[in-house]
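A short worksheet on the structure shown next.
The values are calculated or read from the model by the stated rules, or taken from the named source; none is laboratory data. Note that the coordinates shown come from a computational prediction; the quantities given were computed from them, not determined experimentally. Cβ placement follows ideal geometry from the backbone for every residue including glycine, while neighbour counts extend to all protein chains displayed.
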Amino acid sequence: MGVAAQADIVHTDDTGWKVGGINHFLMTFCNENAVYYQIERRHRVVEVAQVIDPSFQGIVVVDGFTSYQHQIFDSVPQQRCLAHRQRNLTDLADSKSGKGMWFANHTKDLFRQAMETSV
């Protein structure tokens, strides 16, 4: 797939999508020059490998979905999406109190500060 083959970094994310009233996944793969959309009934390693070759040497920015954690992608450098980590920390802070809530909120603040200073 050209989006991944010609890039140093590929970002990917997915969302629910309906085709004829049936649940599917809309998967997006993009780099600075191109966007590729893939609509599939399932979101497994098989569907991801149709776009991200297991020998890809660029960085793939992912949300942590299990399809990207399969052993065939062990040699593919991955970065976890910071926006997804922020959302995970928000959910954690909302479900905790005391030190757990403080930790989640403090970590969110550190991520936010790092993102602001890196731009």
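Worth a mention:
- Contacts under 7 angstrom Cβ, first residue in the stretch 96-119 being aliphatic (A, V, I, L, M), partner surrounded by 13 or more Cβ atoms within 10 Å (Cβ to Cβ), 6 or more apart: Met101/Ala93; Ala104/Leu89; Ala104/Leu92; Ala104/Ala93; Ala104/Lys96; Met115/Leu82
- Ile59 at pLDDT below 95, in contact with a strand residue (DSSP E or B) (Cβ under 6 Å, 6 or more places away or on another chain) and among the hydrophobic types (A, V, I, L, M, F, W, C): yes
- In summary, Val10 fulfils each of the numbered conditions (1) without any contact (Cβ under 8 Å) to a residue 40 or more places away in the chain; (2) out of contact with any Pro (no Cβ under 8 Å at 6 or more places or on another chain); (3) among the aliphatic types (A, V, I, L, M) with the single exception of condition (1).
- Enumeration of residues in the stretch 1-18 that are within 20 Å of Leu82 (Cβ to Cβ) and assigned to a loop (DSSP other than H, G, I, E, B): Ala7, Asp8
- If the condition is being part of a helix (DSSP H, G or I) and either under 16 Å from the mean Cα position of the chain (by Cα) or surrounded by 15 or more Cβ atoms within 10 Å (Cβ to Cβ) (or both), then the stretch 19-72 contributes Val45, Glu47, Val48, Ala49, Thr66, Ser67, Tyr68, Gln69.
- In the stretch 73-82, of all residues being part of a loop (DSSP other than H, G, I, E, B) and surrounded by fewer than 18 Cβ atoms within 10 Å (Cβ to Cβ), the one that is modelled with the lowest pLDDT corresponds to Cys81.
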